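The values are calculated or read from the model by the stated rules, or taken from the named source; none is laboratory data. For clarity, every value in this text was computed on a predicted model and none was experimentally measured. Cβ sites come from the backbone with ideal geometry, for glycine too, and all protein chains shown count toward neighbours.
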Amino acid sequence: MNHETCVGAGCAPTSQQEARHVRKKSLLCTAMFALALTVAIPPLAQAQIFTGLHEFTGGLDGGFPAGALVRDSAGNLFGMTSTDGGGDAGTVYKIDAAGTESTLLTFDLSNGGFPDSALILDRAGNLYGTAVEGPGGAGIVFKLSPEGEQTILYAFQGGFGLNPRVPSGGLLMDRLGNLFGATVFGGAGSCQFGCGSVYRLDAAGKLHVLYTFTGGADGAQPEGPLVEDRAGNLYGVAEAGGDFSCPESQAGCGTVFRLARNGQLTVLHAFQGGEQDGATPQPGLLLDRAGTLYGATAAGGETENGIAFKISPDGTYSILHRFAGNDGIIPNGGLISDRAGNLFGTTQVGGFFGVGTAFVMGPSGQLTVLHAFTGGFDGANPRAGLIRDEQGNLYGTTFDNFLAQQTTGMAFEITP
């Protein structure tokens, strides 16, 4: 099986490559690890307790969790593994408040496969998610009831043409039960296999394409999840397109966009890359009550390790933090905040041991490392952000574990 990835306009992936495009949040190259040890160690928060909740074996419980967790009111955690399980194509799992893990659903391609995003949870306890493979060859949107019954709400069709395909990232649900998401391929535009789209899936299971990216100034290859403001505008990121003069990619450094209810798309920021700006925005924007957007890029900044940024309600763009390697490399999207305005997140690599960090960032951008992953008992390379409970405890996942050969990632808790 070919696991190469294709980024940007003009790429020519096979159908299998196309389905795995959204798993491209890779570690870039191992040479970047050395950057983590070239500068002084950032401050470490005191009295942080790290607890491993479950070590995935790569067996029936699945392996390599790439998405964030979701937590219900009873303290149960839910997530997905991107591979392995009984069908070798990933799982949906639950970790209860006592720390016991159970597999709720096993993917085997006929019902989806290789999920790499977070789930969402409705008030009735149903879970909703996406996977990048499925019976149509290009991914699915699915529902999983509390009893464990799966319903495929929509199967994206592979091949060529304008139809959207390969759902990227997670979902957004509105009050009416509509599901919103993005696909990295399909549609028209300058990209060989389509530049991606934003869609709405209504309660009757009908898919509505809200916007098709052109691969130009508007961006290409959008990544979910989207966020919504009170007026019904949708916000998201496109990982390519935008400014084509950026040094990081001939396909463009990506954009942050707003999509109005009438289908009009506005680019809020086109990343320029280089020392002065970020490149390749990561999925999962944070929208606060004041209307400020927060996010991260995988590259750019003075040391090309990525940045954290914000966009104020009046459209002013500013960089909050430039990652230096010692505090992390390749910050993931999906930042979360507390009432004081502190931001919490993870990086895929970098840190003291070179395999990622969990951090807190003050409103002014001052960053403190909460945990530097070692690749041992605590896992390595988190590929998704954190979630936070009412007591301030943080929960997340790591994608793998370099030193423990029998484990393929883990779910963890960090207690203040």
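When the residues of the range 96-110 are filtered to those that are touching a strand residue (DSSP E or B) at 6+ places or on another chain (Cβ under 6 Å) and closer than 13 Å to residue 134 by Cα, the one that is surrounded by the fewest Cβ atoms within 10 Å (Cβ to Cβ) is 108. The residues of the range 65-83 that are over 14 Å from residue 131 (Cβ atoms) and in contact with a strand residue (DSSP E or B) (Cβ under 7 Å, 6 or more places away or on another chain), listed by number, are 68, 69, 70, 71, 72, 76, 77, 78. Of all residues in the range 194-241, those that are buried (at least 17 other Cβ atoms within 10 Å of the Cβ), at positive phi and out of contact with any Phe, Trp or Tyr (no Cβ under 6 Å at 6 or more places or on another chain) total 3. The set of residues in the range 46-64 that are hydroxyl-bearing (Ser, Thr, Tyr) and in contact with a strand residue (DSSP E or B) (Cβ under 6 Å, 6 or more places away or on another chain) contains only 51.
The residues of the range 65-86 that are assigned to a loop (DSSP other than H, G, I, E, B), buried (at least 23 other Cβ atoms within 10 Å of the Cβ) and not polar (S, T, N, Q), listed by number, are 65, 66, 67, 68, 69, 85. Looking at the range 355-378 only, could you name the residues that are on the phi > 0 side of the Ramachandran plot and modelled with pLDDT under 95? Correct list: 365, 375. Scanning the range 324-360 for residues that are of a type in the set (D, E, K, R) and part of a strand (DSSP E or B) yields nothing. Listed by first and then second residue, the pairs linking a residue in the range 279-294 that is farther than 17 Å from residue 249 by Cβ to a residue that is small (Gly, Ala, Ser) and surrounded by fewer than 22 Cβ atoms within 10 Å (Cβ to Cβ), with Cβ atoms under 6 Å apart and 6 or more places separating them unless they lie on different chains, are 292/312. Among the residues of the range 144-199, those that are of a type outside the set (Val, Ile, Thr), free of Cβ contacts under 8 Å to residues at least 40 places away in the same chain and assigned to a strand (DSSP E or B) comprise 155, 156, 157, 197, 199.
In the range 285-323, of all residues being at pLDDT below 95 and closer than 21 Å to residue 368 by Cβ, the one that is nearest to the chain's Cα centre (by Cα) corresponds to 301.
Looking for something in contact (Cβ under 8 Å) with a residue 12 or more places away in the chain and surrounded by fewer than 16 Cβ atoms within 10 Å (Cβ to Cβ) - is there at least one such residue anywhere in the range 354-362?
Yes, the range 354-362 has at least one match.
Scanning the range 191-220 for residues that are small (Gly, Ala, Ser) and either within 22 Å of the chain's Cα centre (by Cα) or within 18 Å of residue 267 (Cα to Cα) (or both) yields 194, 196, 197, 215, 216, 217, 219, 220. Scanning the range 368-386 for residues that are surrounded by fewer than 24 Cβ atoms within 10 Å (Cβ to Cβ) and within 25 Å of residue 292 (Cβ to Cβ) yields 368, 369, 370. Scanning the range 91-125 for residues that are among the acidic types (Asp, Glu) and in a strand (DSSP E or B) returns a single hit, 101. Residues of the range 287-307 being buried (at least 21 other Cβ atoms within 10 Å of the Cβ) and not β-branched (Val, Ile, Thr), which ones? Correct list: 293, 294, 295, 296, 298, 299, 300, 301, 304, 305, 306.
With the requirement that a residue be in contact with a Pro (Cβ under 7 Å, 6 or more places away or on another chain) and either closer than 14 Å to residue 239 by Cα or not aliphatic (A, V, I, L, M) (or both), what does the range 194-214 give you? Residues satisfying the conditions are 196, 197, 198, 199, 213. None of 271, 257 is closer than 25 Å to residue 131 by Cβ, buried (at least 21 other Cβ atoms within 10 Å of the Cβ) and either of a type in the set (S, T, N, Q) or without any contact (Cβ under 8 Å) to a residue 60 or more places away in the chain (or both) except 257.
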